[in-house]
Amino acid sequence: MILVVLTVVVVCGILITGIWYHASSKMTDQYLTDISESTMRDAYNAFDYMLTDTSYMLTMISLNEKNIINPVRRLKGLGRRPDGQWNLEYLENKRTIYDYIAGMNGHKYYIVGVTIVVDEDCIFDTFHLAQNQRELYEEICKLDQETLKTKMVMMDPIHAEASKSTISSDYVVPAVRGILDKDRNVIGYAVLYFDYGVIEQIFAANLPEGSHFQVVNSNQSIIFSNCGEGLIDVEKPERGFIYNKFEAADIGWTFTMALPTDFYLGSLHRTTLVTGILMVIIILASVIAIAFLISRITSEITNLRDSMHLVSSGNLDVVYEVRGKDEIAQMGETFNHMVSRIDTLVKRIAEEEKEKRLVEISFLEAQINPHFVSNVLNNVTWMAKIQHADNIVPLVQSLNSMLQNVMHQEEDMILLKNELSYVENYLRIVEYSGKFDCEVIKEIGAGTENLLVLRFILQPILENAINHGLAGSLSKQEQILIRSYIEEEKLILTIEDNGNGMTKEQIRRIMREKTERQKHFNGIGIPNVMERIRLFFGEEYGLRYESEVGEYTRAIFILPVIRETDV
């Protein structure tokens, strides 16, 4: 119930905080949009006032008939004298133009120079440009001449050489308008130069610190930028900024602004952060308090759970300490009784299994007394020698040796050399039966004969190789190769024949089919051998087969390296 109440409180707190934050976010977004638009309007209005005055001044100059239009018309196409000097008419018109534009110079603080362009060889200015005058004329000629007849056109910023006492920047922005005759044909151009530094001051005056502002003309050339030479991409906004864009159609310029949101929302974010921290502290305090109460209530359950985990891992000596007389204490008493009962049953089952195994062994030994059979075989051997039946002696001796091996070995593990001796006796008996006529080759690795292996694991594999592996063909000498070697701290035993080979399906069948006792020498099948190895040594050890039909069959034992000193 406490957890439910805590969950409801936390969920309600999160919901209320989320709704408040969502509403605040919408309000702040609208606030930022309004601030951005207002700042953009203020910056543009300041610049638009300057543009209006400039346009008026440029119109006044270009429409002055006495001092500009008439002198320009007379100078249009006026040639030089043969000696390269201008004639008197040129000088008089030049003086008229210079006197007029010199008087206009300084009329506005942001206008740093005036230029009248007649043609590429006839340019009069009050401001020295680093740009070649011929280049200036070529750039003006590239402008839309029809537009120049009715309004001014802003050009790209150009570098200027002048003292810092004259202008506040190394760049100026030319504003151009055409000088028209009475037939409204362009006969020249009037150019005013904006102080680029004044433009920068106008744009930067109303912007908070860290803002990005950029002015780009219709040719995507940057007129002004306080954020580097790259264009601001409104489609891919930078995190932490609110963007606004405005296009001045009259001059073909685009104004782009990016304002830092932290400048306007810093206090709001701090308030939100403090509120969030307080809420987290309250929730954490509530969680800690409730967790303390719950831990006291559930400590007994936790102890009981830990005891159950120990039992599940196989530890049956666990005793749960019962405290109190509540329901949990009753569960603890029941648990202790259950563990005690399980421990008793496990021990009883282990004893019964041990007794069962001893009974089975006694039963097998009781079927035929091995000592009696061994004595009888010794008598048969003695009688065969007396009667000179020498071919019977090796057979009986091999059978007696196998019987002695079974009778005197009570351990599950024997030396590899003793297991090989057992195999040799088996092969000798099979040879006398007429079912065995092949060459047996042994390649026993150094130091492997004295390693311990499970008893009776090689004979079932050899029996399978003789009965099913060898083809009984006279076309080749049949062979069985027995090898032993150590590889990567493992004992590897292989039994390989050069007989029929087996398919994968045949291998799977012999690995899972149980042996019928009456059809085999000792009733121990291949699945039994494989299972014994895994039970004794683990899943990483065992028996597997490799075979190629018509070529060979190889049984591979993978066993641990066990020496007598390790036991």
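The values are calculated or read from the model by the stated rules, or taken from the named source; none is laboratory data. Note that the structure is predicted; figures quoted are calculated from it, not measured. Cβ sites come from the backbone with ideal geometry, for glycine too, and all protein chains shown count toward neighbours. With ligands, DNA and RNA removed, areas are computed over all heavy atoms of the protein, side chains included. Shrake-Rupley method; radii C 1.70, N 1.55, O 1.52, S 1.80 Å.
Each row is one residue, and each column tells you yes or no for (1) within 26 Å of Ile158 (Cβ to Cβ); (2) modelled with pLDDT of 80 or more; (3) open to solvent by 50 Å² or more (accessible area, probe 1.4 Å).
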| site | (1), (2), (3) |
| --- | --- |
| Asn219 | yes, no, yes |
| Phe246 | yes, no, yes |
| Leu265 | no, no, no |
| Thr275 | no, no, yes |
| Ile282 | no, yes, yes |
| Ala285 | no, yes, yes |
| Ser299 | no, no, no |
| Asp306 | no, no, yes |
| His309 | no, no, yes |
Across region 50-109, what is the total count of residues that are farther than 21 Å from Val186 by Cβ, of a type in the set (Lys, Arg) and at pLDDT below 85? 3
Only one of these is touching a helix residue (DSSP H, G or I) at 6+ places or on another chain (Cβ under 8 Å) and either open to solvent by 60 Å² or more (accessible area, probe 1.4 Å) or assigned to a helix (DSSP H, G or I) (or both): Leu51, Leu58, Leu32. Name it. Leu32
Consider only pairs whose beta carbons are under 6 Å apart and that are at least six residues apart or on different chains; among these, list those whose first residue lies in region 219-236 and is on the phi < 0 side of the Ramachandran plot and whose second residue is outside any strand (DSSP E or B) and open to solvent by 50 Å² or more (accessible area, probe 1.4 Å). Ser221/Asp156
For region 428-463, which residues satisfy the criterion of being among the aliphatic types (A, V, I, L, M) and modelled with pLDDT under 85? Ile429, Val430
Residue pairs, Cβ under 8 Å, 6 or more apart or interchain, first in region 149-161 and at negative phi, second among the aromatic types (Phe, Trp, Tyr) and part of a loop (DSSP other than H, G, I, E, B). List them. Ala160/Phe127
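Conditions (1) loosely packed, with under 15 Cβ neighbours inside 10 Å; (2) not basic (Lys, Arg), marked per residue:
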residue	(1), (2)
Val430	no, yes
Ile441	yes, yes
Asn450	yes, yes
Arg455	no, no
Gln459	no, yes
Leu462	no, yes
Is it true that some residue in region 161-170 is modelled with pLDDT of 75 or more and either of a type outside the set (A, V, I, L, M, F, W, C) or in a strand (DSSP E or B) (or both)? no
Can you say whether Thr261 is open to solvent by less than 50 Å² (accessible area, probe 1.4 Å) and without any contact (Cβ under 8 Å) to a residue 40 or more places away in the chain, as far as the supplied structure shows? no
The one condition in (1) modelled with pLDDT under 85; (2) part of a loop (DSSP other than H, G, I, E, B); (3) open to solvent by 30 Å² or more (accessible area, probe 1.4 Å) that Gly523 fails to fulfil: (3)
Taking region 529-567 and keeping residues exposed (fewer than 12 other Cβ atoms within 10 Å of the Cβ), in contact (Cβ under 8 Å) with a residue 40 or more places away in the chain and not in a helix (DSSP H, G or I) leaves Glu548, Gly550, Glu551, Arg563, Val567
Residues of region 316-334 being open to solvent by 60 Å² or more (accessible area, probe 1.4 Å) and either part of a helix (DSSP H, G or I) or within 22 Å of Val346 (Cβ to Cβ) (or both), which ones? Asp317, Val319, Glu327, Gln330, Met331, Glu333, Thr334
Among the residues that make up region 472-481, is at least one of them outside any loop (DSSP other than H, G, I, E, B) and either basic (Lys, Arg) or surrounded by fewer than 21 Cβ atoms within 10 Å (Cβ to Cβ) (or both)? yes
Of Glu551, Glu546, which residue is within 18 Å of Leu470 (Cα to Cα) and at pLDDT below 90? Glu551
If you go through region 109-130, how many residues are under 21 Å from Thr52 (Cα atoms) and either buried (at least 17 other Cβ atoms within 10 Å of the Cβ) or in contact with a Cys (Cβ under 6 Å, 6 or more places away or on another chain) (or both)? 7
Residues being closer than 13 Å to Val318 by Cα and open to solvent by 100 Å² or more (accessible area, probe 1.4 Å): count how many of those fall in region 335-351. 2
